[in-house]
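J.: Starting off with a structure, shown below.
The numbers here are math on the coordinates, done by the rules we state, and not lab data. Everything numeric here is computed off the predicted structure, so don't read it as measured data. No Cβ is skipped: glycine too gets one built from the backbone with ideal geometry, and neighbour counts run over all protein chains shown.
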Amino acid sequence: MSLVSVLIALALLFLIELIYFRLADRFNIIDKPNHRSSHTAITLRGGGIIFSLSLLLYPLWFGLQYEYFLLGLLAIAFISFMDDMKPVSNKIRIVFHLLAVALMFYQLGLFELPFYWTVLALVLVIGSVNAINFMDGINGITGLYALVTLLTLYYINLHFTAFTESSFLMVAILSVIVFNFFNFRNKAKCFAGDVGSVSIAFILLFFILALIIKTENFSYLLLLLFYGLDTVTTIIFRLIRKENIFEAHRSHFYQYWANERKYSHLLVSGIYGIGQLLFNVALVLWLPYSVLNIVLVLLVSVVLFTALRFLTEGKVRLLGH
C-alpha cells in the first residue's frame, strides 16, 4: 500500500469508528462496571468492531481474497456483537465459533493435513480466542498487544517469508491504530467488547497459523507468549484453589497490578506490549528454530513468570492457603 492509500484507509476507518460511536450511544450499547471490571465508569462497548469491519470491507478496494476466512470472521464477529448487546446462550455461541474456525481451517488448507493436526489446531484456536478475550480487561492491553503482534507479522511478511497479502495485514494494523486512539487512554472512549477481543483473536490466529503452515516453524506460536503465560498460570492457580475456571474473575496477573496495586492501566498494558515486542525481536532475529529451543524457552518462561507471581502476589492469594 502506498502512503496515500494508507492515509485514506486510516481516515475511512476513523470515520467508521465515529459512526459506530453514534449508533452505540443511540442504542445504549454500553459497558456497565461489575465485580470483574477494572473500570468504574459507564463506557461505550464494541469499539473493537472496527477490527472485523476493516477486513470485511477490504475486498471493496483490493478484490475478494480469503473469502472463507472472511465468512468465518463475519460469523464470529456477528455472534460476539449479539452477545455484547444481550447475552447469548453458550450452545449458540459455540456453534458459531466452530463454524468460524472450520471456515478458517478450510481457507488455510488444514483439512488436507493429517487429522491430528486439525484437532491440535482446533484446541489452539478455541483456547487462544478465549484467552485473548479474558485478557481484555484494562484500557489499552488488547489494542497494544494486537498492534505489537501484527507489526511483527508484517515485518516477517515483508523481510523473511511472504505468507499473506501485505495490504491485508496493513488494513488490520490500521484498524488497531484507530481503536487504540480511543482506548489507549486513562479514560477510554470505548472498550473493545466481545466483538473486538474475539475478532482480533480470530484475526491474529489466522495470520499466525498461515505463517506456521508456510514456514513449518512452530516457534511463531510464541508471538502470544505473554498472554499465554498469564492465562495458563491463572487457570492452574484457580484449579488449585478449586474455583470454577469458567466464571468471571479478577485473578489474572495484569488485574492484580491494575486492581490491587492500583498501577495505571496504560503502564500495565505497556509492560505487556513492550515485553512481548522485545521478545519478538529476539525470536525473529536471533533465536534459531528447533523444537528443543521452543521447549526450553517455554520452560524457562513459565518458571520465571510463576516465580514473579509468587514474589509479588504471595502464596495465600495464589494458592488460597
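J.: Using only DSSP helix segments of four residues or longer, with each worth -39500 (n - 2.57), what per-residue ellipticity at 222 nm results for the chain after dividing by its residue count and rounding to 500?
T.: Result for the chain: -23000 deg cm²/dmol, rounded to the nearest 500.
J.: Count neighbours as other Cβ atoms within 10 Å of each site's Cβ, and list the GluC sites (Glu not before Pro) in the range 215-313 that are DSSP loop with at most 12 such neighbours.
T.: Listed in order of number, the matching sites are 216, 247.
J.: Given Cα positions, please report Rg to Rh for the range 106-200, the hydrodynamic radius being the Kirkwood one.
T.: 1.03
J.: Okay, moving on. Relative contact order for the range 59-125: what is it in percent, counting Cα pairs under 8 Å that are at least 6 residues apart?
T.: Values: 39 pairs, mean separation 24.1, N = 67.
Worked out over the range 59-125, it gives 36 percent.
J.: Computed over the Cα atoms, what is the radius of gyration of the range 50-152 divided by 2.2 N^0.38 Å, N being its residue count?
T.: 1.15
J.: Note down the nm distance, to one decimal, between modelled labels 7 Å out along Cα→Cβ at residue 18 and at residue 241.
T.: That separation, rounded to one decimal, is 4.4 nm.
J.: Related question: Using 0.36 nm per residue, how much length does the chain from residue 215 to residue 296 gain when fully extended, once their Cα-Cα distance is taken away?
T.: Values: separation 81, 0.36 × 81 = 29.16 nm, distance 2.05 nm.
Answer, rounded to one decimal: 27.1 nm.
J.: Moving to a separate point now. With a Cα-only, solvent-free Debye model of the chain, what are the log10 I(q)/I(0) values at q = 0.12 Å⁻¹?
T.: -0.83
J.: Evaluate the relative contact order of the chain (contact order divided by residue number), counting alpha-carbon pairs under 8 angstrom at least 6 apart; express in whole percent.
T.: It comes to 23 percent, rounded to a whole number.
J.: If you count, for each residue, the other Cβ atoms within 10 Å and average over each peptide, how do 12-22, 223-233 line up from highest to lowest? Intermediate values should be presented prior to the final figure.
T.: Values: 12-22: 15.5, 223-233: 20.8.
Ranked by mean Cβ neighbours within 10 Å, highest first: 223-233, 12-22.
J.: Obtain the nm distance between the two label points defined at residue 6 and residue 185 by a simple spin-label model: each point lies 7 Å from its Cα along the Cα-to-C-beta direction.
T.: Taking the two extended label points, one gets 2.4 nm.
J.: Under a crude label model (7 Å from the Cα following the beta-carbon direction), how far is residue 112 from residue 306 in nanometres?
T.: Inter-label distance under the simple model: 4.1 nm.
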